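Below: one structure, written as structure tokens.
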Amino acid sequence: MAAHPGAYVLSRAMRRRPIVRLPRLGVLVNDASLVREVLLDHDTYVKNGTRGAAVPVTQIFGPYALLNQDGDEHKQLRLALRTLFTPAAVRELAATVARPLLADLRTTLEQGGRFDMVRFSQLVSGSLMSHLAGLSLEPEELHRRAMEIHARSRTLTTKLSIGSLELGEGELAEAHAAFAEMVAGVDAAWDRGHEDTVPGRLRAHGVDKAGTRGVLGTLMIAGTDTTSSAIARMVALLCDTGQLTRVRAHPELLGPMVDETFRYAAPVPVMTRTIARDTRLGGRALSTDTQMLVFVVNALRDRRVIADGDVYDVAREMPRELRQLWFGAGQHFCIGYAIGRRLLEETAQVLLDLPNEVRIVHRRPAAHVLLPAYAELVVESADH
């Protein structure tokens, strides 16, 4: 409600209908099986069409932005980057970058201090992206840079409207300035060419500096906003529902709990596509050049698949139709999904290992942001 009051009310009202047509907005898809069908059909439902988020993405980041690409060019970019995001690479990345911040979380709570999970999640996600960007920084400067990346990302995501409007001259100038600040230092990392970084890997595959900035800019947005939102929301859900106690008693529920958090919180509630050719979906005729809004948040609570989708249950056996759907499907399945999973698991593990449970002492939702999130979520040990 805080992020998108109108869109939230609309999605709740429409979610029982598999497909809905809305004037000016286009076609809304809520059904889980149809959502997966759309995301897997890259010829009919395209990312780089004339409608949807791809329009402002191209204006801001240029043609190499992953979020506005389809076909062989997109495949080649993902192939160039894939070894940076394997589970083994992510484990090493977490050990190098995230562990010191996780240790601070543990120490603060053990000593009776209060801890803002939002600032923590922004620091850890921004630091990881700085590392992948090849920015060699001392800890204090790394933390400042991490928060700067998050702030610039938040500025840019406010420009990515599902209304598919092109940005005006003033908005575009503001967006370009924020983008330049967010990717500052990336050109130098490209020059160094270290292939354990995104710039170095792209350089080795023939992507120039401008293209590298575009790819990395979108990775930074995805890697900071979605992850930082999910970490804080996971902690809030565990505390609010009392299920932190359940997972502490049954550590084997850690993996299912992370999946259930992604399902329930839907880090990217809506995805956009453009219908590239006349087609039929779920028995409905759809016309070329129509915007499609893929309501992932509704698909993940589709009552045709999951009867109690509005309930957060850490022991849920995930229906086959929903598995990993929160990360997308097909060619555009989230390339950094292993990072998100790892950070949620390691953050939760700190809470499970504490001598006492944690409780929320203050919270504030973020208003009018692209992805639902908290602005503050302060916790402390329950014995203080």
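The values are calculated or read from the model by the stated rules, or taken from the named source; none is laboratory data. Because the structure is a prediction, the values reported are computed rather than measured. Don't worry about glycine lacking a Cβ; one is built from the backbone with ideal geometry, like all the others, and counts go over all protein chains shown.
Descriptive notes on the structure:
- Within region 251-298, the only residue that satisfies the criterion of being assigned to a helix (DSSP H, G or I), closer than 22 Å to Ile335 by Cβ and of a type in the set (S, T, N, Q) is Thr261.
- Flag if Ala98 is under 21 Å from Tyr374 (Cβ atoms), of a type in the set (A, V, I, L, M, F, W, C) and buried (at least 16 other Cβ atoms within 10 Å of the Cβ): yes
- In region 270-292, the residue that is farthest from the chain's Cα centre (by Cα) out of those that are surrounded by 22 or more Cβ atoms within 10 Å (Cβ to Cβ) and not polar (S, T, N, Q) is Ile275.
- Criterion violated by Glu346 - all others in (1) buried (at least 19 other Cβ atoms within 10 Å of the Cβ); (2) within 21 Å of Ala3 (Cβ to Cβ); (3) at pLDDT 95 or above satisfied: (2)
- Tallying residues that are among the charged types (D, E, K, R), modelled with pLDDT under 90 and outside any helix (DSSP H, G or I) within region 57-114 yields 1.
- Residue in region 17-31 that is polar (S, T, N, Q), surrounded by 15 or more Cβ atoms within 10 Å (Cβ to Cβ) and part of a helix (DSSP H, G or I) present: no
- Sole residue being farther than 25 Å from Ser136 by Cβ and either in contact with a helix residue (DSSP H, G or I) (Cβ under 7 Å, 6 or more places away or on another chain) or touching a residue at least 40 places away in the same chain (Cβ under 8 Å) (or both), chosen from Asp289, Asp278, Asp187: Asp289
- Filter result for the condition that a residue is under 29 Å from Ala95 (Cβ atoms) and within 22 Å of the chain's Cα centre (by Cα), over Phe295, Phe333: Phe333
- Qualifying residue in region 143-162 (condition: surrounded by 17 or more Cβ atoms within 10 Å (Cβ to Cβ), touching a Phe, Trp or Tyr at 6+ places or on another chain (Cβ under 9 Å) and assigned to a loop (DSSP other than H, G, I, E, B)): no
- Unique match (being assigned to a loop (DSSP other than H, G, I, E, B) and either in contact with a Pro (Cβ under 9 Å, 6 or more places away or on another chain) or under 23 Å from Arg273 (Cα atoms) (or both)) among Glu166, Glu171: Glu166
- Matching option when the condition is over 20 Å from the mean Cα position of the chain (by Cα) and surrounded by 14 or more Cβ atoms within 10 Å (Cβ to Cβ), among Gly170, Gly185: Gly185
- If you go through region 299-320 and keep only what is surrounded by fewer than 17 Cβ atoms within 10 Å (Cβ to Cβ) and assigned to a helix (DSSP H, G or I), you end up with just Arg320.
- The one condition in (1) surrounded by 14 or more Cβ atoms within 10 Å (Cβ to Cβ); (2) in contact (Cβ under 8 Å) with a residue 12 or more places away in the chain; (3) farther than 15 Å from Met129 by Cα that Phe179 fails to fulfil: (3)
- Every test in (1) under 17 Å from Val268 (Cβ atoms); (2) more than 19 Å from the chain's Cα centre (by Cα); (3) at pLDDT 85 or above is passed by Glu37 save one, and that test is (1).
- Candidate set from region 349-373 (those that are assigned to a helix (DSSP H, G or I) and among the hydrophobic types (A, V, I, L, M, F, W, C)); member that is surrounded by the most Cβ atoms within 10 Å (Cβ to Cβ): Leu351
- Residue pairs whose Cβ atoms lie under 6 Å apart, separated by 6 or more positions or on different chains, with the first residue in region 97-112 and without any contact (Cβ under 8 Å) to a residue 60 or more places away in the chain and the second in a helix (DSSP H, G or I) and not aromatic (Phe, Trp, Tyr), are Val97/Ser127; Val97/Leu128; Val97/His131; Leu101/Leu123; Leu101/Val124.
- Pairing residues of region 314-331 that are under 24 Å from Cys239 (Cα atoms) and of a type outside the set (Gly, Ala, Ser) with residues that are assigned to a loop (DSSP other than H, G, I, E, B) and modelled with pLDDT under 95, at Cβ distances under 6 Å and at least 6 apart in sequence or on separate chains, gives Trp326/Ala266.
- Residue ranges of helices (runs of 4 or more DSSP H) in region 188-250 with at least 1 members under 18 Å from Leu156 (Cα atoms): 209-221, 227-241
- Restricting region 223-243 to residues that are surrounded by fewer than 23 Cβ atoms within 10 Å (Cβ to Cβ) and not polar (S, T, N, Q), the residue that is farthest from Ala265 (Cα to Cα): Gly242
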